[in-house]
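The values are calculated or read from the model by the stated rules, or taken from the named source; none is laboratory data. Because the structure is predicted, anything quoted here is derived from the model rather than measured. Note that each Cβ is placed from the backbone with ideal geometry, even for glycine, and that neighbours are counted across all protein chains shown. These area figures cover heavy atoms from the full protein model, side chains too; ligands, DNA and RNA do not enter into them. Shrake-Rupley method; radii C 1.70, N 1.55, O 1.52, S 1.80 Å.
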Amino acid sequence: MTKIALVTGGNKGIGFETVKQLAQQNIKVLLGARNETDGKKAEEVLRGLSLDVTYIKLDISNSEDIANVASYIESEYGVLDILVNNAAVFLDDAWFGNNVEIVTLQTLRDTFDINYFGTVELTQALLPAIKKSECGRIVNISSVSGSFGVHLDEAHWLYALKPYAYSASKTALNQFTVFLAHALRETKIKVNAANPGWVQTSIGSDQAPLTAEEGAKTGIALALLDENGPSGTFSQSGEVLPW
Ligand SMILES: NC(=O)c1ccc[n+]([C@@H]2O[C@H](COP(=O)([O-])OP(=O)(O)OC[C@H]3O[C@@H](n4cnc5c(N)ncnc54)[C@H](OP(=O)(O)O)[C@@H]3O)[C@@H](O)[C@H]2O)c1
């Protein structure tokens, strides 16, 4: 039977590539995007490649959109096999330095509304459909910037880069990954966090070494894990990362 997947923030960057690579595996992919014009444009490009992709309006910070998507999936398919929580924002002023003393609460709230609360709300709303899958996979696209281990390691290349709002939101997302994997440990569902690497996108910048196509690979591998695969992990390209 054809698997059904949903990717958030599928209109560009790593999300767009994730939609594409999942659809290339003959999976039916719902391309979530908050902007209708961008979402439909992305859908058109991928359908032009004969891929089974359908745009769905989804701003993950909008509870009404989340409820609509959950009921659409329930009525149209009755099941969701793969959820890739990819959508996120970077609202700190800069990647470099440590802004923890001056970052505004508004920036923190706006970042958490999307990167954390939106992702949690959407995942909770879709869990009933994911529980009906024979092989439910939840992939949280996190960041090494959310890792305590990395931020405590003076030798790590990211040590000097401490944008607080973005990093803390990804730390919270990592904890969600651990707790959800634990809650679902007796089911077939696997929940894992992926670090895409440093990727050429609006969040990652033109200077990044990886293309979006390459950056999508870790999430794709976790979305396609077989029944023996792990749950509750944080990794990049198969290499386990410190929480
Ligand atoms: N690029 C990197 O180096 C890097 C490294 C580590 C982790 N990541 C993670 O990779 C993921 C993808 O980011 P990217 O690098 O591909 O950046 P990107 O090109 O800026 O893509 C971000 C996507 O998220 C969407 N989005 C933002 N807020 C949303 C909301 N409220 N509802 C729905 N969609 C929303 C954006 O939509 P709009 O087009 O409407 O803004 C866009 O489609 C993110 O989780 C990011 O944290 C990236």
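Taking all protein chains in place and a 1.4 Å probe, what share, in percent, of the accessible surface of segment 97-209 do carbon and sulfur account for?
Carbon with sulfur: 57 percent of the solvent-accessible area.
What do the square roots of 5 times the Cα gyration tensor eigenvalues come to for segment 37-109, in whole Å, largest first, as semi-axes of the equivalent ellipsoid?
So the three semi-axes of segment 37-109 are 33, 18, 11 Å.
How far apart, in nm, are two points set 7 Å out from the Cα along the Cα-to-Cβ line at Phe179 and at Thr37?
Computed distance between label sites Phe179 and Thr37 equals 3.9 nm.
Can you order the peptides 160-166, 7-13, 73-79, 192-198 by their average number of other Cβ atoms within 10 Å per residue, highest first?
With the highest mean Cβ count within 10 Å placed first, the list reads 7-13, 192-198, 160-166, 73-79.
Any idea what diffusion coefficient segment 95-243 gets from Stokes-Einstein, in µm²/s, Kirkwood Rh on alpha carbon pairs, 4 °C, 1.567 mPa s?
81 µm²/s
Counting only residues 5 or more places away or on other chains, whose amide H sits under 5 Å from the amide H of Thr233 once H atoms are built in the peptide plane?
Ala193
Of the trypsin sites (Lys or Arg not before Pro) in segment 103-141, which ones lie in a loop per DSSP and count no more than 16 other C-beta atoms within 10 Å?
Lys132
Tell me the GluC sites (Glu not before Pro) within segment 171-243 that lie in a loop according to DSSP and have at most 13 other beta-carbon atoms within 10 Å.
Glu186, Glu227
Among the listed pairs Lys132/Lys190; Lys3/Lys188; Lys162/Lys217; Lys132/Lys188; Lys3/Lys131; Lys20/Lys162, give every one whose C-alpha distance is greater than 20 Å.
Lys162/Lys217; Lys20/Lys162
Tell me the mean residue ellipticity at 222 nm calculated for the chain from its helices only (DSSP H runs of n ≥ 4, each -39500 (n - 2.57), averaged over every residue, nearest 500).
Rounded to the nearest 500, the figure is -11500 deg cm²/dmol.
Working out 0.36 nm times the residue gap between Thr54 and Asp113, then minus their Cα-Cα distance, what length gain in nm do you get to one decimal?
Values: separation 59, 0.36 × 59 = 21.24 nm, distance 2.55 nm.
Value of the extension gain: 18.7 nm.
With every protein chain kept in place and ligands, DNA and RNA left out, what is the accessible area per residue of segment 199-243? Probe 1.4 Å, answer in Å².
Here the per-residue accessible area is 57 Å².
Hey, got a sec? Which trypsin sites (Lys or Arg not before Pro) in segment 143-238 land in a DSSP loop and have at most 12 other Cβ atoms within 10 Å? Don't jump to the answer; show the numbers that get you there.
Working: sites: Lys170, Arg185, Lys188, Lys190, Lys217; in loops: Arg185, Lys188.
Answer by residue number: Arg185.
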